[in-house]
Amino acid sequence: MTDVRAVSWDGEALVLLDQTLLPARHEYVTCLDVDMVVDAIKRLVVRGAPALGAVGAYGVAVAMDQGEREGWVAGRLSVEIARIRNARPTAVNLAWGVDRVTPLIAEGRGAVLQEADVLAAEDEAANRELSRRGADWILARVERRPVRVLTHCNTGALATTGWGTALGIVRELRNRGVLEVVFADETRPLLQGSRLTAWELEREGIDYFVQADGAAASTILRGLVDVAIIGADRIARNGDTANKIGSVGVALACHDRGIPFVVAAPSSTVDLTTPTGDNIHIELRDGREVVEFAGIRVAPEGAHGFNPAFDVTPARLIDAIVTENAVVEPDGGSSVAVLVEAR
Ligand code: MRU
């Protein structure tokens with residue numbers, strides 16, 4: 001089946017599939033200026049670390065076009081590019097995407113766009129390769145066939161430039177004929193699991209359940225799943241991994257039950273400049289996302305929403321981190337650096 005394209009360039013502008021509307025509506029947002037790019041990132045029109053990397057790269061071209069149209073004074077372009085780079089803090093890929101094309105600005109818009117296209121193509125290729133590696137590792141570790149998977153957050157084609165990371169491994173397991181079912185946690189913010197992961201699984205024809213995040217630990221402890229696979233927004237040098245809020249609870253339950261907890265990400269998500277998870281900036285989102293449901297207040301007026309978008313799973317709770325380059329078992333003391341070696 002053809003992948004959905006969450007991020008693309010239509011020749012004139014950055015085009016994003018509006019993920020705030022899925023699965024009810026399939027509409028696109030065309031970003032013609034920096035305000036629109038920043039707004040789309042902050043509102044989660046586009047989301048997922050690898051997708052944000054591509055948005056960062058194409059966003060630089062959007063800023064260059066706007067600067068040309070509006071005759072920006074010297075220095076303004078870097079200020080506007082920095083706004084895109086800092087629009088969300090946790091996923092390292094956004095800054096990485098911006099930084100990868102910024103040195104090409106002097107060569108012109110064509111060079112920036114060409115590099116952004118290369119970045120996007122490399123991301124999809126990385127996802128396919130890490131999916132093969134991840135599936136190999138899981139099938140060597142998990143005895144039961146077919147395999148029952150639990151996943152948290154969304155890590156499919158929507159969250160990347162194509163194919164997916166954790167959901168890419170799920171697709172690979174299905175293609176090998178060894179997948180039974182997926183338990184997809186509903187996942188905040190904005191229920192990305194029940195809206196987006198479920199939408200992708202449905203399109204793939206994969207059997208799945210959507211469950212409340214609060215059900216995950218019990219599902220694991222009752223022996224209903226064989227492996228948990230999640231994505232990542234930033235992997236620190238010691239293997240500590242930031243991912244969508246609720247991931248660490250899944251890891252703790254897997255640890256207790258003795259089933260593998262696997263992190264899947266392209267090497268662009270590994271940040272060797274961040275020593276440990278303590279150094280990762282966790283995005284705190286608007287509390288209204290917690291005290292409201294579909295825009296309607298459900299908590300008492302006096303309630304304040306506490307809304308961290310991510311948490312950090314310590315490396316000691318992670319059985320394997322998979323990138324396109326390698327599989328590392330952090331608990332075994334393996335170095336995370338090999339995950340980025342071919343970069
Ligand atoms: O808030 P989001 O949707 O940008 O967060 C996305 C996630 O947590 C994903 O799991 C992660 O970025 C990996 S995407 C392949």
If we sort 255-261, 149-155, 298-304 on the protection proxy, mean other Cβ atoms within 10 Å, highest first, what's the order? 149-155, 255-261, 298-304
Roughly how many debye, to the nearest 20, is the charge dipole of region 225-278 about its Cα centre, given +1 on each Lys and Arg Cβ, -1 on each Asp and Glu Cβ, and no other charges? 60
Net charge near Arg128 (other residues with Cβ under 12 Å of its Cβ; Lys, Arg +1; Asp, Glu -1) is -4
With a probe of 1.4 Å, find how much accessible area the chain has per residue, and write the answer as a whole number in Å². 40
For the chain, which whole percent of the accessible surface, found with a 1.4 angstrom probe, sits on carbon and sulfur atoms? 51
Counting helices only, and only those DSSP H runs with n ≥ 4, report the 222 nm mean residue ellipticity of the chain as the sum of -39,500 (n - 2.57) divided by its residues, in deg cm²/dmol to the nearest 500. -11000 deg cm²/dmol
Residue order for Leu339, Leu284 - accessible surface, 1.4 angstrom probe, largest first: Leu284, Leu339
Return the tail of the calculated pair distribution for region 219-317, meaning the percent of Cα-Cα pairs more than 25 Å apart. 33
Of all chymotrypsin sites (Phe, Trp or Tyr not before Pro) in region 47-111, which ones are in loop regions per DSSP and have a Cβ with at most 16 other Cβ atoms within 10 Å? Trp72
Whose amide H sits under 5 Å from the amide H of Arg5, counting only residues 5 or more places off or on another chain, with H placed in the peptide plane? none
Relative to the Cα centre, what is the charge dipole magnitude of region 245-311, using +1 at the beta carbon of each Lys and Arg, -1 at the beta carbon of each Asp and Glu, and rounding to the nearest 20 debye? 160
Lys and Arg at +1, Asp and Glu at -1: add these up for the other residues within a Cβ distance under 15 Å of Asp278 and post the number. 0
Going by average Cβ neighbours within 10 Å, how do the peptides 178-188, 24-34 rank, with the highest at the top? 178-188, 24-34
Where nothing but the Cβ of Lys and Arg (+1) and of Asp and Glu (-1) is charged, how large is the charge dipole of region 129-340 around its Cα centre, in debye to the nearest 20? 340
Neighbourhood net charge (14 Å Cβ-Cβ; Lys/Arg +1, Asp/Glu -1) for Ala74: -2
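For region 7-122, what ratio Rg/Rh do Cα atoms give with a Kirkwood hydrodynamic radius?
Taking Rh as the inverse mean 1/r over Cα pairs, Rg/Rh reads 0.95.
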Of Leu317, Thr165, Ala242, which is farthest along the charge dipole of region 129-340 in the positive direction, counting Lys and Arg as +1 and Asp and Glu as -1 at C-beta? Thr165
Rotationally averaged projected area of region 129-340 (alpha carbon convex hull; nm²): 11.5
Neighbour cut-off at most 16 other Cβ (10 Å), DSSP loop, chymotrypsin sites (Phe, Trp or Tyr not before Pro), region 267-343: Phe306
Selected from Phe183, Gln114, Ala51, residue furthest toward positive end of dipole (the chain; charges at beta carbon): Phe183
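The values are calculated or read from the model by the stated rules, or taken from the named source; none is laboratory data. Fair warning: this is a prediction, and the values are worked out from it, not measured in the lab. Methodologically, a virtual Cβ is constructed for each residue, glycine included, from the backbone with ideal geometry; neighbour enumeration extends over all protein chains shown. These area figures cover heavy atoms from the full protein model, side chains too; ligands, DNA and RNA do not enter into them. Shrake-Rupley method; radii C 1.70, N 1.55, O 1.52, S 1.80 Å.
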